[in-house]
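Engineer: Okay, here's the structure, questions in a sec.
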Amino acid sequence: MSESVPGIAPEVFAPVEAPVSPPQTSEEVEFVQLLTPEGERREHPEYSFDLDDEAIKGFYRDMTLVRRIDTEATALQRQGELGIWASLLGQEAAQIGSGRALNSKDMVFPTYREHGVAWCQGVDPLKLLGLFRGVDQGSWDPRDNNFHLYTIVIGAQTLHATGYAMGQQRDHAIGDAEQGEATIAYFGDGASSQGDVNEAFIYASVFNAPIVFFCQNNQWAISEPIDRQTRIPLFQRAAGFGFPGVRVDGNDVLATYAVTQQAMKRAREGSGPTLVEAYTYRMGAHTTSDDPTKYRLSEDLEHWKLKDPIERVRAYLTRTAEVGTDFFDEVDAEADTIAARLREGCLSLPDPSLTDFFDHVYVEQTAQLAEQQEQFAAYAASFEGEAH
């Protein structure tokens, strides 16, 4: 401050150099890993994967099919058939591992990128495309698959999920780690800076809600790197809110399954929330309207290609489980079939009527809304027959 203030010593306004420690890098923080990038099994003192190789083959199939769905959707957007698409490329293990750890009663609150979790919950991928094509606002019923509609508002679903979990608690649906029910809320590293997410943490903590907060830390919030969100590993934030956090190798489907399974059991039995940070990498663009070459290095991408979640499972199945090429060929053929059905179905989706959205505002239409619908229909009809 250039001028003094009467009665106040000048040194009060002097800048203070506070000691700042550098943020921890990923190499300095331990995470749970049960399958290395080379496809070798590892032991962990707190988490174990107790399913057989048939289950691992199932995980491989899930991840391969979901990646093919994602690739086809990206191609459809590039060809003008979708308005936008949010790719999950590189995050297949985080989504399939956590999705397969849920029971039939657990409720999922996704963002707009959880295509793999939607697959695990039995949501038709064509219904996902309807949303991104703009012909509906999400045509699946959350009650049918325990999978809520995609949330575009960043972080808002964590509050919705916490409220739902508190409802499960009050309905006495918890108390049994296996047969009880709980909620899982997905969000990204960027969303962790949102007020909604932090408020959800507070409510979940003080009410001991049966919820798992599953953060897919893909290290980029569009163009903002993770060091603009936090100076400590995200999972360590949980301690400040009074519940446990754990970091897992988000490219390891076995570890993700094991960690999520334990966290969900903890929630179902009534022990409260857990924050799971799945440390992974967004291999593609944030969405198809984004160009990641403008803000990140190609060397980082090449580094993470060596940690590919599908290739490490294939390596394990080939070398250790001695799975033959016939299995992989069958999965690839199934992926092609699904992609063809998806493309055909997308191109056949009917365009909605301009007045349809009035029918989906309330369960029962109000007189005011009916009047607005009539006015809009008359306005739209006034353009019919005009040259465009």
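Engineer: Residue under question is Leu347, and the condition is that it be surrounded by 15 or more Cβ atoms within 10 Å (Cβ to Cβ) and either touching an Asp or Glu at 6+ places or on another chain (Cβ under 9 Å) or outside the structural domain of Thr74 (by the TED database) (or both); does it hold? Even if it seems obvious, please write down each step before you answer.
Structural biologist: Numbers: surrounded by 15 or more Cβ atoms within 10 Å (Cβ to Cβ): no; either touching an Asp or Glu at 6+ places or on another chain (Cβ under 9 Å) or outside the structural domain of Thr74 (by the TED database) (or both): yes.
For Leu347, the condition - surrounded by 15 or more Cβ atoms within 10 Å (Cβ to Cβ) and either touching an Asp or Glu at 6+ places or on another chain (Cβ under 9 Å) or outside the structural domain of Thr74 (by the TED database) (or both) - is not met.
Engineer: So how many residues does region 38-86 have that are surrounded by fewer than 16 Cβ atoms within 10 Å (Cβ to Cβ) and basic (Lys, Arg)?
Structural biologist: Residues flagged as surrounded by fewer than 16 Cβ atoms within 10 Å (Cβ to Cβ) and basic (Lys, Arg) within region 38-86 amount to 3.
Engineer: Another question, if that's okay. Does Thr325 satisfy being of a type outside the set (A, V, I, L, M) and under 30 Å from Gly116 (Cβ atoms)? Show your work before the answer.
Structural biologist: Working: of a type outside the set (A, V, I, L, M): yes; under 30 Å from Gly116 (Cβ atoms): yes.
Considered against the rule, which asks whether it is of a type outside the set (A, V, I, L, M) and under 30 Å from Gly116 (Cβ atoms), Thr325 comes out as yes.
Engineer: Same structure again: Any idea which of Glu334, Glu299 is farther than 23 Å from Ile96 by Cβ and in a helix (DSSP H, G or I)?
Structural biologist: Glu299
Engineer: Right, here's the next one. Find the residue count for region 264-292, including only residues that are charged (D, E, K, R) and open to solvent by 20 Å² or more (accessible area, probe 1.4 Å). Full working, then the answer.
Structural biologist: Kept after step one, since they are charged (D, E, K, R), are these residues of region 264-292: 265-266, 268-269, 277, 282, 290-291.
Still in the list and also open to solvent by 20 Å² or more (accessible area, probe 1.4 Å): 265-266, 269, 290-291.
Residues that pass the stated criteria total 5.
Engineer: I'm told Asp329 meets every condition in (1) without any contact (Cβ under 8 Å) to a residue 12 or more places away in the chain; (2) loosely packed, with under 10 Cβ neighbours inside 10 Å; (3) not aromatic (Phe, Trp, Tyr) except one. Can you identify the failing condition by its number?
Structural biologist: Against the list (1) without any contact (Cβ under 8 Å) to a residue 12 or more places away in the chain; (2) loosely packed, with under 10 Cβ neighbours inside 10 Å; (3) not aromatic (Phe, Trp, Tyr), Asp329 comes up short only on (2).
Engineer: Output the residues belonging to region 293-314 that are open to solvent by less than 20 Å² (accessible area, probe 1.4 Å) and not charged (D, E, K, R).
Structural biologist: Matches in region 293-314: Pro309, Ile310, Val313.
Engineer: Okay, moving on. Please count how many residues of region 87-114 are part of a loop (DSSP other than H, G, I, E, B), more than 13 Å from Ala285 (Cα to Cα) and open to solvent by less than 30 Å² (accessible area, probe 1.4 Å). Explain how you work it out, then say what you get.
Structural biologist: Residues of region 87-114 part of a loop (DSSP other than H, G, I, E, B): 87-91, 100-106, 110-114.
Right, trim to more than 13 Å from Ala285 (Cα to Cα) and you get 100-106, 110-112, 114.
Remaining after also requiring open to solvent by less than 30 Å² (accessible area, probe 1.4 Å): 101-102, 106, 110-111, 114.
Looking only at that region, the number is 6.
Engineer: Going by the structure shown, is Phe376 open to solvent by less than 40 Å² (accessible area, probe 1.4 Å) and either aromatic (Phe, Trp, Tyr) or modelled with pLDDT under 95 (or both)? Steps first, please.
Structural biologist: Values: open to solvent by less than 40 Å² (accessible area, probe 1.4 Å): no; either aromatic (Phe, Trp, Tyr) or modelled with pLDDT under 95 (or both): yes.
No: the conditions fail for Phe376.
Engineer: Could you list, in sequence order, the residues of region 18-37 that are open to solvent by 50 Å² or more (accessible area, probe 1.4 Å), of a type in the set (A, V, I, L, M, F, W, C) and at pLDDT below 95?
Structural biologist: Residues satisfying the conditions are Ala18, Val20.
Engineer: With respect to Gly138, is the statement that it is open to solvent by 10 Å² or more (accessible area, probe 1.4 Å), out of contact with any His (no Cβ under 6 Å at 6 or more places or on another chain) and assigned to a loop (DSSP other than H, G, I, E, B) true? Spell out the reasoning first.
Structural biologist: Details: open to solvent by 10 Å² or more (accessible area, probe 1.4 Å): yes; out of contact with any His (no Cβ under 6 Å at 6 or more places or on another chain): yes; assigned to a loop (DSSP other than H, G, I, E, B): yes.
Spelling it out, Gly138 is indeed open to solvent by 10 Å² or more (accessible area, probe 1.4 Å), out of contact with any His (no Cβ under 6 Å at 6 or more places or on another chain) and assigned to a loop (DSSP other than H, G, I, E, B).
Engineer: For region 278-295, give me the residue count where each residue is more than 24 Å from Leu254 (Cβ to Cβ) and not charged (D, E, K, R).
Structural biologist: Keep residues of region 278-295 that are more than 24 Å from Leu254 (Cβ to Cβ), which gives 285-295.
With the extra rule that they be not charged (D, E, K, R), the set shrinks to 285-289, 292-293, 295.
The qualifying residues number 8.
The values are calculated or read from the model by the stated rules, or taken from the named source; none is laboratory data. Computed from a predicted model, the values in this text were never measured in an experiment. In this analysis, Cβ positions are derived from the backbone assuming ideal geometry, glycine residues included, and neighbour counts consider all displayed protein chains. Remember, those area values only see protein heavy atoms, side chains included, never the ligands or the DNA or RNA. Shrake-Rupley method; radii C 1.70, N 1.55, O 1.52, S 1.80 Å.
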